[in-house]
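I have placed the structure first, in the form of C-alpha cells, so that the comments after it can refer back to it.
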There are 2 protein chains.
Amino acid sequence: MTNLSVRIREVGPRDGLQNEKKWIETQDKVDWIDQLAETGLSYIELTSFVHPKWIPALSDASEVVKGVKKNKNVIFGALVPNERGLDRALEVGIDEIAVFLSASETHNRKNINKSIDETFLVLKPVIERAKKSNKPIRGYVSTVFGCPYEGDVDVNQTRKIAYQLMEAGVEEISFGDTIGVATPNQIEDVIQAISKEVSLEKMALHPHDTRGTALANVFAAYQLGVRAFDGSVAGLGGCPYAPGASGNVATEDLIYLLEGLGAKTGVDLEKLLESAKWIQRKLGRNLPSHHLQLAMAQDHREGFVDENTAY
Amino acid sequence: MTNLSVRIREVGPRDGLQNEKKWIETQDKVDWIDQLAETGLSYIELTSFVHPKWIPALSDASEVVKGVKKNKNVIFGALVPNERGLDRALEVGIDEIAVFLSASETHNRKNINKSIDETFLVLKPVIERAKKSNKPIRGYVSTVFGCPYEGDVDVNQTRKIAYQLMEAGVEEISFGDTIGVATPNQIEDVIQAISKEVSLEKMALHPHDTRGTALANVFAAYQLGVRAFDGSVAGLGGCPYAPGASGNVATEDLIYLLEGLGAKTGVDLEKLLESAKWIQRKLGRNLPSHHLQLAMAQDHREGFVDENTAY
C-alpha cells in the first residue's frame with residue numbers, strides 16, 4: 001500500500017446502499033464487502049450507525065461490521081452521527097469513524113434536524129472520544145457545490161466548517177458535490193478557498209455524476225493536487241434527489257481515469273467489476289457505472305464484433 | 001453567432017441514428033431536426049450519403065435534407081464516402097460535406113473495405129469537387145485513441161492522416177475516441193502531436209463516454225485550446241461495439257460542462273433537452289444522456305411520467 005499515489009474511499013456499502021428500498025440480507029452485505037476487500041481497496045465504508053428508524057436499509061450495522069472478515073490491508077469505516085452511534089461503532093471494533101454535516105443550513109436541517117452550529121455541539125464529543133480510542137476520523141461536508149434547497153452555497157460557509165472540523169481534529173475532509181452540479185472551474189475555486197484551512201493531503205473529493213461531470217471534476221482536483229477520492233462501486237446510490245439518475249461516481253470509472261492519469265490506486269479493476277456485477281444482480285436493476293454497463297453489453301455479445309458499423 | 005467561444009457539432013441525426021435498428025420515419029427525422037435547429041445549435045449533421053445497403057437507417061438521406069427547413073443560423077452537414085455520395089449531397093443542396101476514415105488500418109478496412117491509402121484516393125476528388133462547389137469540408141478520423149481490433153494506435157499514424165487531410169483542403173478535423181478509451185493524459189499527448197499538422201482552431205474532439213471519461217477529456221482538450229466538440233443529443237448512438245453501453249457524449253452534458261467553464265455555446269439547454277426527450281420517446285428506450293435521465297427522474301417525481309418511456 002505504500003506505493004499508492006491516490007487514496008480511493010469506497011463508500012458503496014454505506015452511501016450506496018443507504019437509500020435502497022430493497023432489503024439486502026446481512027449475509028449478502030457481508031459476502032459482498034468481503035469480495036470488495038479483496039480488490040485492493042484500502043478503505044471501505046461499511047455502514048452507518050444512525051438510528052435504524054432513519055436508515056432502515058442499514059439497520060443491521062453492528063451485524064455487518066461483526067460479520068466482515070478482518071483484513072489488515074483494509075481500513076473499515078462507518079458513519080456516526082452522535083455519541084450513541086459512536087458507542088455502537090466502537091463496541092463492534094470499527095477501524096475509522098466518519099462524521100457528517102452540510103455546508104448549507106437548509107440541507108443540514110432537513111438531513112440532521114439541527115442547525116450547523118448545533119451539529120458541531122454533537123460532533124465535538126464524538127470526535128474527542130474517537131480520538132481517545134485511537135480511531136482516525138473522516139469528516140463529510142455535503143452540498144459544498146450546490147444545495148437542492150438553497151441553490152448556490154457560499155464557499156466561505158464551507159471554509160468555516162472545514163476550519164472547525166480541522167480544529168476538532170479530523171484527519172481527512174471529504175467535500176461533497178451532493179447534487180452533482182459542479183464543473184471544473186468551481187472545483188478549482190472551492191479547493192483554492194478551502195486550502196487556506198485544509199492542506200491538500202487532507203482533502204478528499206466526493207463527486208457525483210448526475211450531470212456527467214464527475215470525472216472532469218476529479219481531473220480538475222487531481223491537477224490541483226487532491227489525492228483522495230470517494231467512489232461507490234457500480235455507481236450505487238444514484239442521486240438522492242432524483243432516483244433513477246446518476247449520483248455517486250462509480251469506483252470503476254474513477255479508477256480507470258486515475259490510472260490513466262498515471263496514479264496508482266492499488267485496485268484491480270477486473271475484480272472490482274465482478275463486485276459491481278454481483279451487487280447489480282442482487283438489486284435486480286441496472287446501475288449507472290459506465291464500466292459495468294460496458295461489461296454487461298460485452299458479456300451479452302460474447303465477444304462478437306459488429307462489422308456493419310460505419311464509422 | 002459571432003459571440004460563440006466554442007463550436008458545438010451536433011451529430012445526433014447522422015452518427016446517433018445510423019446504428020438504430022428501429023426505423024424512424026422521414027417526417028419524424030425532419031420534425032426532430034427542425035426542433036434541433038431552434039435550440040441555438042450552429043451545426044447539425046443531418047444524415048449520411050453512404051450506400052443505403054450499408055446504413056439502412058439513413059436510406060432516406062435525400063428526403064431528409066430536402067425536408068428540413070432552411071435556417072440561416074445553422075449549417076447543415078452530411079457524411080459523404082465517395083463521389084457518388086457527393087453527387088447526391090450536392091443535388092439536395094447540403095451546406096457542408098464531411099469525409100471520414102480511420103487512424104487504424106484494420107478499423108478502416110472493416111469500416112470502408114479499403115486501406116487508408118486507397119481511401120485517400122477516393123476522398124481527394126470528393127474534397128476537390130466539394131471545394132469547387134464552395135462547400136466547407138470536415139474530416140473525421142476514427143479510432144485515434146484506440147482501435148477495437150488493434151488496441152493502441154500510433155499517434156504518428158494519426159498525424160500523417162491529419163497532414164494529408166489538411167493538404168487536401170479540409171476546414172476542420174474531428175478526432176474520434178471511437179471506443180471511448182481515452183483519458184486526459186492521452187488527449188494531451190495526441191493534441192500536442194497533431195498540433196504540428198493542424199492548428200488548434202481547426203481541431204475538433206469527438207469524445208465517447210463509454211468509460212465515463214468523455215467530459216474529463218473535453219476539459220483536457222479545452223484547457224489546451226481546442227474549441228470545437230462533437231456531441232449527440234440524448235447521447236444517441238451509444239457505443240457501436242457494445243450496444244447498450246454509453247458512446248457519443250450527450251450534447252446536453254457537453255454544453256453544461258463547457259458553459260460551466262465559461263464558454264459560450266449559444267445553445268439553449270432546456271430546448272435541447274426537449275429534443276432529447278422527443279427522440280427518446282420515438283425510440284422507446286432510455287438513452288444515456290445524464291441530463292436526460294435526470295430530467296426524466298425529476299419529471300417522474302413531479303408526477304409527469306411519460307407513459308412511452310421505459311424509465
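The values are calculated or read from the model by the stated rules, or taken from the named source; none is laboratory data. Predicted model, so just to flag it, every value in this text is computed and none were measured. As a convention, Cβ positions derive from the backbone with ideal geometry for all residues, glycine included, and neighbour counts pool all protein chains shown.
Can you tell me which residue within the stretch B:124-157, out of those that are over 20 Å from the mean Cα position of the chain (by Cα) and hydroxyl-bearing (Ser, Thr, Tyr), is surrounded by the most Cβ atoms within 10 Å (Cβ to Cβ)?
The qualifying residue surrounded by the most Cβ atoms within 10 Å (Cβ to Cβ) is B:Tyr149.
Out of the residues in the stretch B:286-308 that are modelled with pLDDT under 90, at negative phi and part of a loop (DSSP other than H, G, I, E, B), which is farthest from the chain's Cα centre (by Cα)?
Out of the qualifying residues, it is B:Glu302.
Suppose the filter is of a type in the set (S, T, N, Q), at positive phi and touching a strand residue (DSSP E or B) at 6+ places or on another chain (Cβ under 8 Å); does A:Thr143 pass it? Let's see the steps before the verdict.
Numbers: of a type in the set (S, T, N, Q): yes; at positive phi: yes; touching a strand residue (DSSP E or B) at 6+ places or on another chain (Cβ under 8 Å): yes.
So A:Thr143 fits the description; yes.
Of (1) over 16 Å from B:Ala98 (Cα atoms); (2) of a type outside the set (A, V, I, L, M, F, W, C); (3) more than 14 Å from every other protein chain (Cβ to nearest Cβ), B:Glu20 satisfies all except one. Which?
(3)
So that you can scan it fast, the table gives a plain yes or no per residue for (1) out of contact with any Phe, Trp or Tyr (no Cβ under 8 Å at 6 or more places or on another chain); (2) small (Gly, Ala, Ser):
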{"residue": "B:Leu205", "(1), (2)": "no, no"}
{"residue": "B:Arg211", "(1), (2)": "no, no"}
{"residue": "B:Ala214", "(1), (2)": "yes, yes"}
{"residue": "B:Gln223", "(1), (2)": "yes, no"}
{"residue": "B:Val233", "(1), (2)": "yes, no"}
{"residue": "B:Glu252", "(1), (2)": "yes, no"}
{"residue": "B:Lys271", "(1), (2)": "yes, no"}
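Give me the residue from the stretch B:267-286 that is surrounded by 22 or more Cβ atoms within 10 Å (Cβ to Cβ) and of a type in the set (S, T, N, Q) and, out of that set, farthest from the other protein chains (Cβ to nearest Cβ).
In this case the residue turns out to be B:Ser275.
Among the residues of the stretch A:1-21, write down those that are closer than 12 Å to A:Ile279 by Cα and either among the aliphatic types (A, V, I, L, M) or touching a Lys or Arg at 6+ places or on another chain (Cβ under 9 Å) (or both).
Scanning the stretch A:1-21 gives A:Pro13, A:Leu17.
With the checklist (1) closer than 28 Å to A:His291 by Cβ; (2) in contact (Cβ under 8 Å) with a residue 12 or more places away in the chain in hand, flag the one item A:Gly244 doesn't pass.
Looking at each condition in turn, A:Gly244 falls short on (2).
Tell me which residues, restricted to the stretch A:247-279, are under 18 Å from the mean Cα position of the chain (by Cα), at pLDDT 95 or above and either on the phi > 0 side of the Ramachandran plot or not hydrophobic (A, V, I, L, M, F, W, C) (or both).
Within the stretch A:247-279, the subset under 18 Å from the mean Cα position of the chain (by Cα) is A:247-258, A:265-267, A:269, A:272-273, A:275-276, A:279.
With the extra rule that they be at pLDDT 95 or above, the set shrinks to A:248-258, A:265-267, A:269, A:272-273, A:275-276, A:279.
The answer is A:Asn248, A:Thr251, A:Glu252, A:Asp253, A:Tyr256, A:Thr265, A:Gly266, A:Ser275.
Scan the stretch B:245-266 and give yes if some residue there is within 8 Å of chain A (Cβ to nearest Cβ), assigned to a loop (DSSP other than H, G, I, E, B) and buried (at least 24 other Cβ atoms within 10 Å of the Cβ), otherwise no.
Yes: the stretch B:245-266 contains one or more residues that are within 8 Å of chain A (Cβ to nearest Cβ), assigned to a loop (DSSP other than H, G, I, E, B) and buried (at least 24 other Cβ atoms within 10 Å of the Cβ).
Just name the residue that is surrounded by the fewest Cβ atoms within 10 Å (Cβ to Cβ) out of those in the stretch B:191-230 that are within 14 Å of chain A (Cβ to nearest Cβ) and acidic (Asp, Glu).
The extreme case among them is B:Asp230.
Looking for something within 21 Å of A:Pro13 (Cα to Cα), of a type in the set (A, V, I, L, M) and at pLDDT below 95 - is there at least one such residue anywhere in the stretch A:231-244? Write out each step before concluding.
Step one: filter the stretch A:231-244 for residues within 21 Å of A:Pro13 (Cα to Cα), giving A:231-244.
With the extra rule that they be of a type in the set (A, V, I, L, M), the set shrinks to A:233-234, A:236, A:242.
From what is left, the residues that are at pLDDT below 95 are A:242.
Within the stretch A:231-244 (the criterion being within 21 Å of A:Pro13 (Cα to Cα), of a type in the set (A, V, I, L, M) and at pLDDT below 95), the answer is yes, since at least one residue qualifies.
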